[in-house]
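Comments concern the structure below.
Taken together, the values in this text are just the output of simple stated rules run on the coordinates, not laboratory data. Computed from a predicted model, the values in this text were never measured in an experiment. Here the Cβ positions follow ideal geometry from the backbone for every residue, glycine too, while neighbour counts run over all protein chains shown.
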Amino acid sequence: MTVRIIRKFDDEVLRSKAKEVKKIDESIKKLITDMVDTMYEAEGVGLAAPQIGILKKVAVIDVGDGIMHLINPVIIEEEGEEINVEGCLSFPGVFGEVKRAAKVIVEAQDLTGEKQIIKGSGLLARALQHEIDHLNGIVFIDKAIRFIDS
Ligand code: ZN
């Protein structure tokens, strides 16, 4: 088990765009394994590679229905809107209300390179949008309409 250091607050890597993964090789598989370990250790529901300092389009999510490995994820459809409270492992102690699409459809590759279609609503839709934002150098505090005192 390898838990990596989570980059926080003003770390500029959090504001940088991740690059597309061209080949799913052993280094990508190891990266994903480490990200899963790191996310569970920190008790998060999602983690994007830039949060551990790696600018690759990789994210992992587990909102309680099992682990999802997302390589090169893109939102291909979104519907509705919903405001809810969000936090982030890179901003411990910070919570804010963020307006997101209520439902999204995401296309991503899995560990085998196969394209998968993920339909999400509720917490999963929110996590997908939050993690994909990370891959584009966007963090939730940029989008928060109101911060909540914790
Ligand atoms: Zn985050």
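Under the combined filter of DSSP loop state and at most 14 neighbouring Cβ atoms within 10 Å, segment 80-150 retains these GluC sites (Glu not before Pro): Glu81, Glu114.
Near the amide H of Ala102, within less than 5 Å, lie the amide hydrogens of Glu79, Gly80, Glu81, Glu82, all on another chain or at least 5 residues away, with H placed in the peptide plane.
Hey, could you grab the Kirkwood Rh for segment 48-116? Inverse mean 1/r over distinct alpha carbon pairs, Å, one decimal.
13.8 Å
Charging the Cβ of each Asp and Glu at -1 and of each Lys and Arg at +1, and nothing else, the dipole of the chain about its Cα centre rounds to 440 debye. Say the cut-off is 24 Å between C-alpha atoms; which of Lys8/Lys143; Lys8/Lys119; Lys30/Lys56 go over it? The answer is Lys8/Lys119. Rounded to the nearest whole Hz, the Karplus-based 3J(HN,Hα) values (6.51 cos²θ - 1.76 cosθ + 1.60, θ = phi - 60°) of segment 100-113 follow the sequence 10, 5, 6, 9, 9, 10, 10, 10, 8, 8, 9, 4, 8, x, with x at glycine and proline.
For segment 11-150, the pair-distance distribution built from all alpha carbon pairs, in bins 10 Å wide starting at 0, is 12, 46, 36, 6, 0 percent.
Considering only Gly64, Gln116, Leu89, and ranking their Cα positions along the charge dipole of the chain that arises from unit charges at the beta-carbon of Lys, Arg, Asp and Glu, the one farthest toward the positive end is Gln116. Gain on full extension, evaluated as 0.36 nm per residue between Leu123 and Asp110 minus their Cα-Cα distance, stands at 2.6 nm. Summarising the label geometry, the points placed 7 Å from Cα in the beta-carbon direction at Val74 and Asp149 lie 4.5 nm from one another.
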